[in-house]
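Written below as structure tokens is the structure these notes are about.
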Amino acid sequence: MNQIKLLLISLIGLNLFFASCNPAPESKTGKNSTLIPEGSTEAQIVALAANVTPSPRQVIWQDGEFTAFFHFTVNTFTDREWGDGKENPSVFNPSSLDAKQWVQTAKDAGIKQVILTCKHHDGFCLWPSKFTEHSVKNSPYKNGKGDVVKEVAEACKELGIKFGVYLSPWDRHEPSYGDSPTYNTYFVNQLTELLSNYGPVAEVWFDGACGEGPNGKRQVYDFKSYYSTIRKLQPDATIAIMGPDVRWVGTESGYGRETEWSVVPVSAARLDEISASSQQNASNSAFVPEGDMQKPDLGSRSVIANAKGLIWYPSEVDVSIRPGWFYHASQDSLVKTPEKLLDIYFSSIGRNSLLLLNIPPDRRGLLHKNDVRNLQLFKKAIDEIFATNYLIGAKIVADSQSGSQKAEFCIDYDNKTWWAAASDKSDATLDLTLNGQQTFNVLMLQENIQVGQRIESFTLEGWVNGAWQKLTEGTTVGYKRLLRFETVTTDKVRLRILKSRLNPTISSFGVYMNRMK
């Protein structure tokens, strides 16, 4: 998968068209992109960045926080990670496939959406596609009458989980691959099947893997037509990784950047074809931000100072619960521990990203007991940590306030309300007096991203032994920031926002106790 992702930063001929917007510091309906006028000062660029906001589908996607990947295909039965397209469909024969077990396991772990690898690079389709014989219809599974995509989609509907599809643009089986126009028609036909026959699709996930076809020519993907098909058939679906809505974090470790900006630079390739709403509808071309998306810094002041435009392009952190992406019996003892999964949770969702955790079904068509057990223990730890917010009921005082955006809104259990500092402030302090002495070691902060991502640095302090003591500190917050620190007992805390792009906001603020060792 790493090789796949690295291709994201090397594909050429992909352009983004974006719209300019007027700064509106307190607007909830800002634009998700902006041009930077030539000659803009740093302060003007910072103000523009502070007012770039997510599209409605990006807000919904980010609120999901946690998605499962199900990697399942002929590779599961050949014990490979990448198939070559020469596999006989007869190898695909799960003995006890239970999609409901997959989805129930995910739901029980706190996951809100699943994505199925409907077709991986081997070209084998988990649904009976009309456009290829390389599919379940020619396998022994249910005597050729099976449809794994349908089974997973129906399980999601029954259990109230969102359903997403992964469709690999790279196809090592299809003879037309490399004959770009012919293959692009083939691909859109398959995409149309997936988006038309299985109910609501919340996310379409593409990677950038690309190779030479049987004709010796490198395939040129028509992402414009792919995006148009998605927006037409599933207008609410998020298009991830090779798409305009969501970007890859840059590694498959499960760990996001400690400083993660959702607003990143972009360029206009042809200003005469600016799309008025590049992420609301299909853009006039395909999209990939320029530059190395694996860099540690994608959106700081020094980076955006040289940008021609800015766009809201949030990060997704993908990782597998096992060393491989597909099931291998040899890895049954190498499933990530609950402690490791918890660390990944804090370092992905807790770093302004969405976590996409792969849980590969085995040859039976079931999730292995080791994976299920560790997910259950992980969820138990999460539930115990976040059961009690020790700030609820505290007396909270802010050193400034914008309009009716009161400090109390930080700790009211409602993420749709928020506190905002005065419009002329780029720093702020929130003082809290707790309900007696409380013991905790976890901080949670959330900004109201619907008015922008603004906080650049902050510190949390506790009143200990008659003086303020720094408990932890951080840089960006964004949708959510989680930090662990040494256990402290105190009845007073204060949050100091040291630097912000325009006036900062906080929609949720909490301190919790992590007892997992």
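I want to confirm something. Restricting to the range 220-261 and keeping residues that are surrounded by fewer than 23 Cβ atoms within 10 Å (Cβ to Cβ) and among the acidic types (Asp, Glu), which single residue is nearest to the chain's Cα centre (by Cα)?
252
Just to be sure, is residue 117 under 24 Å from the mean Cα position of the chain (by Cα), under 30 Å from residue 183 (Cα atoms) and crowded, with 21+ Cβ neighbours inside 10 Å?
yes
Would you call residue 498 crowded, with 17+ Cβ neighbours inside 10 Å and not polar (S, T, N, Q)?
Taking the combined requirement at face value, the residue does not satisfy it.
I need the full set of residues from the range 54-81 which are touching a residue at least 60 places away in the same chain (Cβ under 8 Å), more than 30 Å from residue 449 (Cα to Cα) and assigned to a loop (DSSP other than H, G, I, E, B), in order please.
71, 72, 73, 79, 80, 81 - these are the residues of the range 54-81 that are touching a residue at least 60 places away in the same chain (Cβ under 8 Å), more than 30 Å from residue 449 (Cα to Cα) and assigned to a loop (DSSP other than H, G, I, E, B).
Considering each of 188, 201 in turn, give the residue that is under 19 Å from residue 103 (Cα atoms) and either modelled with pLDDT under 95 or aliphatic (A, V, I, L, M) (or both).
201
Looking at 424, 371, which one is of a type in the set (Asp, Glu), more than 22 Å from residue 115 (Cα to Cα) and at pLDDT 95 or above?
424
Kindly provide the set of residues from the range 52-69 that are buried (at least 23 other Cβ atoms within 10 Å of the Cβ), of a type in the set (A, V, I, L, M, F, W, C) and over 18 Å from residue 348 (Cβ atoms), ordered by number.
Scanning the range 52-69 gives a single hit, 52.
Condition first: of a type in the set (A, V, I, L, M, F, W, C), closer than 16 Å to residue 418 by Cβ, in a loop (DSSP other than H, G, I, E, B) and in contact (Cβ under 8 Å) with a residue 12 or more places away in the chain. Can you find one or more residues in the range 458-469 that meet it?
No: the range 458-469 contains no residue that is of a type in the set (A, V, I, L, M, F, W, C), closer than 16 Å to residue 418 by Cβ, in a loop (DSSP other than H, G, I, E, B) and in contact (Cβ under 8 Å) with a residue 12 or more places away in the chain.
Quick check on my filter: what residues within the range 194-212 are of a type in the set (Gly, Ala, Ser) and surrounded by fewer than 20 Cβ atoms within 10 Å (Cβ to Cβ)?
Selection gives 196, 199, 211.
Output the number of residues of the range 470-487 satisfying the condition of being in contact with a Leu (Cβ under 6 Å, 6 or more places away or on another chain) and β-branched (Val, Ile, Thr).
Going through the range 470-487 one residue at a time, the tally reaches 2.
Consider residue 440 carefully, then state whether it is surrounded by fewer than 20 Cβ atoms within 10 Å (Cβ to Cβ), within 25 Å of residue 342 (Cα to Cα) and among the aromatic types (Phe, Trp, Tyr).
For residue 440, the condition - surrounded by fewer than 20 Cβ atoms within 10 Å (Cβ to Cβ), within 25 Å of residue 342 (Cα to Cα) and among the aromatic types (Phe, Trp, Tyr) - is not met.
From the list 399, 424, 412, which residue is over 23 Å from residue 63 (Cα atoms), among the acidic types (Asp, Glu) and surrounded by 14 or more Cβ atoms within 10 Å (Cβ to Cβ)?
399
Being over 30 Å from residue 311 (Cα atoms), at pLDDT below 95 and either assigned to a helix (DSSP H, G or I) or in the same structural domain as residue 173 (by TED's automatic domain parsing) (or both) is the requirement here; does residue 102 meet it?
no
When you scan the range 298-389 for helices (runs of 4 or more DSSP H) that lie fully inside it, which ones turn up with 3 or more residues that are crowded, with 17+ Cβ neighbours inside 10 Å?
Correct list: 338-348, 369-385.
Every residue, every condition in (1) of a type in the set (Gly, Ala, Ser); (2) out of contact with any His (no Cβ under 6 Å at 6 or more places or on another chain); (3) within 22 Å of residue 237 (Cα to Cα), yes or no:
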{"position": "74", "(1), (2), (3)": "no, yes, no"}
{"position": "85", "(1), (2), (3)": "yes, no, no"}
{"position": "88", "(1), (2), (3)": "no, yes, no"}
{"position": "106", "(1), (2), (3)": "yes, yes, yes"}
{"position": "121", "(1), (2), (3)": "no, yes, no"}
{"position": "127", "(1), (2), (3)": "no, yes, yes"}
{"position": "134", "(1), (2), (3)": "no, no, no"}
{"position": "137", "(1), (2), (3)": "no, yes, no"}
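So that you can scan it fast, the table gives a plain yes or no per residue for (1) aromatic (Phe, Trp, Tyr); (2) closer than 12 Å to residue 446 by Cα; (3) touching a Cys at 6+ places or on another chain (Cβ under 7 Å):
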| site | (1), (2), (3) |
| --- | --- |
| 470 | no, no, no |
| 475 | no, no, no |
| 479 | yes, yes, no |
| 488 | no, no, no |
| 497 | no, no, no |
| 506 | no, yes, yes |
| 510 | no, yes, no |
| 513 | no, no, no |
| 516 | no, no, no |
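Read through the list (1) of a type in the set (D, E, K, R); (2) at pLDDT below 95; (3) touching a strand residue (DSSP E or B) at 6+ places or on another chain (Cβ under 6 Å), then give the number of the only condition that residue 496 fails.
For residue 496, the failing item is (2).
Here is a list: 122, 147. Which entry is within 24 Å of residue 84 (Cβ to Cβ) and of a type outside the set (Gly, Ala, Ser)?
The unique qualifying residue is 122.
Six or more apart or on different chains, Cβ under 7 Å: which pairs go from a residue in the range 31-49 that's buried (at least 19 other Cβ atoms within 10 Å of the Cβ) to one that's among the charged types (D, E, K, R) and not in a strand (DSSP E or B)? Could you list them?
If the second residue must be among the charged types (D, E, K, R) and not in a strand (DSSP E or B), the pairs left are 36/308; 46/301; 46/501; 49/501.
Go through the range 105-121 and count every residue that is among the basic types (Lys, Arg) and either assigned to a loop (DSSP other than H, G, I, E, B) or not assigned by TED's automatic domain parsing to the domain that holds residue 198 (or both).
Counting residues in the range 105-121 that are among the basic types (Lys, Arg) and either assigned to a loop (DSSP other than H, G, I, E, B) or not assigned by TED's automatic domain parsing to the domain that holds residue 198 (or both) gives 1.
Checking residue 155 against (1) over 24 Å from residue 360 (Cα atoms); (2) crowded, with 20+ Cβ neighbours inside 10 Å; (3) of a type in the set (Gly, Ala, Ser): exactly one of these is not met. Which one?
So residue 155 meets the others, but not (1).
The values are calculated or read from the model by the stated rules, or taken from the named source; none is laboratory data. Just so you know, these numbers come straight off a predicted model, no measurement behind them. Cβ: placed from backbone, ideal geometry, glycine included. Neighbour counts: every protein chain shown.
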